[in-house]
Amino acid sequence: QVQLVESGGGSVQAGGSLRLSCVASEYPFRRGCMGWFRQAPGKEREWVAAIYTDGGSTYYAASVKGRFAISQNNAENTVYLQMNSLKPEDTALYYCASDPGSRTTCNWLPWAYNYWGQGTQVTVSS
């Protein structure tokens, strides 16, 4: 099965930056999506961003638009999440996920993603 491994999490002060990485054992060949989700203590898992593997179109949740940027290196089966201007409310366990299905646009619902990593912790202090 597809395995995803996240890295790059850590603890930073408000206004700081972090770059998360996700390496996949297999990358969607065509019309698939790679996504980032997060889950904060006491809250449900929420979608953060996604990227279309065939062409690189990107999608963002309103809460992170303008601050976060998702990118990919298809040749190395890797997805990144650059996080700038971090806020305390960004504190969460961040997961990457893979949707190898045939898509025309990326889905924001967790059930659409078949494979998940184990997460990397991001903590932002005020």
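Data table
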item: Region 1-101: chymotrypsin sites (Phe, Trp or Tyr not before Pro) in DSSP loop, at most 10 other beta carbons within 10 Å; result: Phe29
item: Rg/Rg_ref, the chain, where Rg_ref = 2.2 N^0.38 Å and atoms are Cα; result: 0.98
item: Fully extended contour minus Cα-Cα distance, from Ser7 to Ser25, at 0.36 nm per residue; result: 5.0 nm
item: Net length gained if the chain between Ser85 and Thr105 were fully extended (0.36 nm per residue, minus Cα distance); result: 4.5 nm
item: Rel. contact order, % - alpha carbon contacts under 8 angstrom, at least six apart, the chain; result: 36
item: For the chain, built as a Gaussian network whose Cα springs stay under 10 Å, the top-fluctuating residue of Ala75, Ala61, Ala24; result: Ala75
item: Listed residues Asn77, Ser21, Asn107: farthest to the positive end of the dipole of the chain (Cβ charges); result: Asn107
item: Separation of the Ala75 and Arg45 label points, Cα + 7 Å toward Cβ, nm; result: 3.2
item: GNM result for the chain, Cα springs below 10 Å: residue of Gly56, Gly66, Gly35 fluctuating most strongly; result: Gly66
item: Positive-end extreme of charge dipole, the chain - chosen from Tyr95, Gly117, Val5 (charges on Cβ); result: Tyr95
item: Coil-residue GluC sites (Glu not before Pro) of region 34-118, DSSP, other Cβ within 10 Å capped at 12; result: Glu44
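No value in this document is a laboratory result; all are computed from the given coordinates. Treat the numbers as computed from the prediction; the structure is a model and nothing was measured. As a convention, Cβ positions derive from the backbone with ideal geometry for all residues, glycine included, and neighbour counts pool all protein chains shown.
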